[in-house]
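Structure record follows, encoded as structure tokens.
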Amino acid sequence: MDGGSGDATVAVAARFPEVRLLASPRGRARQMNAGARAARGDVLLFLHADTLLPDGALAAVEAAVSDPGVVAGRFDVRFDNPRPMFRMIAWFMNQRSRWSRISTGDQAIFVCREVFEALGGYPEMPLMEDVELCRRLRHRGRIAALRLRVTTSARKWEREGALRTILLMWALRFLYMAGVAPDRLHRWYYGREP
């Protein structure tokens, strides 16, 4: 799903005939919901453009959702930067997610379509849509925490600094859980209106 990007997304996608690029209004939740409506499968996998699935990913998803108690899941994550700091950050992200059963979009969240539609899809909010979806999913069944690792870009972490990014992510999550409006968090995170 392309939300009106100004980069080379459309040109890059056009080089891959098996890729179906669709456009939607800007906004992660809107884009993912539009993609879900266009998808044809019983299980929806939400993959960010800067994240790569590992070999065997689809078989792992299929095995996870074959358990009738599992309604969704996510992968462990690793960064495309092999430095020890990024391996440590990924390890903590995976442990936090496994403990809290809250995943972020970088972890390639997958959801049984029937459950996703019953929840109304991703909540239409400018930030924390993945956290809120996971909070809702926890009440519907188990969320599988696959140990198979997706590889995601470390670009933001490299550009803005690892410590600053960690503190920002934890602050945003804490403020969201404390009731701060997602619009306000979006302005803080991106420095602009949603």
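Observations
- Within the stretch 83-128, considering residues that are under 19 Å from A49 (Cα atoms) and either at pLDDT 95 or above or aromatic (F, W, Y) (or both), the one surrounded by the fewest Cβ atoms within 10 Å (Cβ to Cβ): A90
- Of all the residues in the stretch 168-194, those that are of a type outside the set (S, T, Y), closer than 18 Å to K156 by Cβ and part of a helix (DSSP H, G or I) number 10.
- Number of residues in the stretch 1-22 that are under 15 Å from A38 (Cβ atoms) and of a type in the set (G, A, S) equals 2.
- Residues being touching a Leu at 6+ places or on another chain (Cβ under 7 Å), open to solvent by less than 20 Å² (accessible area, probe 1.4 Å) and more than 16 Å from A118 (Cβ to Cβ) - total across the stretch 36-73: 4
- Enumeration of residues in the stretch 159-194 that are over 14 Å from M125 (Cα atoms) and open to solvent by 100 Å² or more (accessible area, probe 1.4 Å): R159, L163, R164, L167, W170, F174, W188, R192
- Which numbered condition R26 misses (of (1) closer than 18 Å to L127 by Cβ; (2) open to solvent by less than 20 Å² (accessible area, probe 1.4 Å); (3) outside any helix (DSSP H, G or I)): (2)
The values are calculated or read from the model by the stated rules, or taken from the named source; none is laboratory data. No experiment lies behind these values; they were computed from the predicted model shown. Positions of Cβ are backbone-derived with ideal geometry, glycine not excepted, and every protein chain shown enters the neighbour counts. With ligands, DNA and RNA removed, areas are computed over all heavy atoms of the protein, side chains included. Shrake-Rupley method; radii C 1.70, N 1.55, O 1.52, S 1.80 Å.
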